[in-house]
Amino acid sequence: MYTLRYPDEKVGDPFDVLKSALGVDVPADLKRKLSFLYFAYCERKGVGCNMIAARKFRLEYGSKLRAAYKTTYTNKPLSWLRKELRSVAGNRCPSCGGARPVTLDHHLAQNPFPEFAIFPLNLVAMCGTCNQRKSATTGKAIETSFIHPYLDEVPEVPFFTATVIRDDGTYTVCFEFTPDAIPDAELSNRMSMQLKKVDFNEALLPEVGELLAEWALRIEDEIVIPNEGEIDQWVIKDYLNRNATRIEKQHRVGFWQAIMSRALADDAQFCSGGFRDLLPRSPS
Ligand SMILES: [Zn+2]
């Protein structure tokens, strides 16, 4: 879970976006009302409490604004916006930290917040599972609000601990959120709630498996084989710690893969040969 940089300069004025979505100039009264709501959205960092438009406004514009969002689909006038917002996340879901954020999530759902259906700041790349698990009601109150990837500032500190588990001749790694690592108690509670809701351990599992296999192969090929097949536990520990530092340089301090690499470095059994359980079996 981490903060994304909103591509302000690429997205531009939200009313220009709305104009191309509607295909006509934005009516003056709609613009006036939305200006007020967009301002409130930024002020409240996208928390939905006390920010709902009047019923009359919703009846008049709700379905139009929801329909306008559909212009972000492939081959529609605003498909560039979807592409832009997805590229900001790269190949990482800002919610669970796993790969493939292929969907665009309405931070405040279109129902009950049609006023933000096509507000770019409300649109965030997310993986399909996180998107599904984030129910439409999320966001009405601060305690139940998912972290806003553009507006909330998640500190770049390690807020997970990793446990290496050896079971049935193989390895896996489980993560636990460490609430005390986040000084802001409210932010920490929200992160804890969100990580439970999206089941981040489950989300990371396929990648954890892939990385374990990759790192085991690297240890064998780059360290053990050049050392004439001799396993030196301390060299492997050092390799995994350096691997963690490299990951942090590439991603950020506290990124789960770095925490995983350090946990493996601290696992004497893994470093003294246990990693070989993860090597592909040679054909017999
Ligand atoms: Zn996710």
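The values are calculated or read from the model by the stated rules, or taken from the named source; none is laboratory data. Only a predicted model underlies this, so the values are computations on that prediction, with no experimental measurement involved. Cβ placement follows ideal geometry from the backbone for every residue including glycine, while neighbour counts extend to all protein chains displayed.
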Which one is farthest from Glu43 (Cα to Cα) among residues in region 148-181 that are among the β-branched types (Val, Ile, Thr) and more than 17 Å from the chain's Cα centre (by Cα)? Thr170
List the pairs whose first member sits in region 35-46 and is on the phi > 0 side of the Ramachandran plot and surrounded by 12 or more Cβ atoms within 10 Å (Cβ to Cβ), whose second member is of a type in the set (Asp, Glu) and at pLDDT 90 or above, and whose Cβ atoms are under 9 Å apart, counting only residues at least 6 apart or on separate chains? Lys45/Asp152; Gly46/Asp152
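If only one of Arg218, Arg190 is within 16 Å of the ligand (Cβ to nearest atom), among the charged types (D, E, K, R), assigned to a helix (DSSP H, G or I) and out of contact with any strand residue (DSSP E or B) (no Cβ under 8 Å at 6 or more places or on another chain), which one is it? Write out each step before concluding.
Working: Arg218 fails: within 16 Å of the ligand (Cβ to nearest atom).
Only one candidate qualifies: Arg190.
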Does Arg82 count as among the basic types (Lys, Arg) and touching a strand residue (DSSP E or B) at 6+ places or on another chain (Cβ under 7 Å)? yes
Per the list (1) assigned to a loop (DSSP other than H, G, I, E, B); (2) within 22 Å of Gln257 (Cα to Cα); (3) within 15 Å of the ligand (Cβ to nearest atom), residue check on Pro158 breaks on (3)
Those residues that are in a loop (DSSP other than H, G, I, E, B) and surrounded by 15 or more Cβ atoms within 10 Å (Cβ to Cβ), I need them from region 254-271; list them, please. Gly254, Phe255, Asp267
Before we move on, is Thr138 more than 12 Å from Val47 (Cβ to Cβ) and outside the structural domain of Gly254 (by TED's automatic domain parsing)? no
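Please indicate, with yes or no, whether at least one residue in region 104-112 is assigned to a helix (DSSP H, G or I), out of contact with any Gly (no Cβ under 9 Å at 6 or more places or on another chain) and closer than 27 Å to Asp184 by Cα.
no
So is Thr172 surrounded by fewer than 17 Cβ atoms within 10 Å (Cβ to Cβ), outside any helix (DSSP H, G or I) and either at pLDDT below 95 or within 16 Å of the ligand (Cβ to nearest atom) (or both) or not?
In short, no.
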Residue in region 226-234 that is outside any helix (DSSP H, G or I), touching a Phe, Trp or Tyr at 6+ places or on another chain (Cβ under 8 Å), at pLDDT 95 or above and surrounded by 13 or more Cβ atoms within 10 Å (Cβ to Cβ) present: no
Can you pull out the residues in region 64-112 that are hydrophobic (A, V, I, L, M, F, W, C) and either more than 20 Å from the chain's Cα centre (by Cα) or within 14 Å of the ligand (Cβ to nearest atom) (or both)? Leu65, Ala67, Ala68, Leu78, Trp80, Ala89, Cys93, Cys96, Ala99, Val102, Leu104
Name every residue in region 123-147 that is away from the ligand (no atom under 15 Å from the Cβ) and hydroxyl-bearing (Ser, Thr, Tyr), in order of residue number. Thr137, Thr144, Ser145
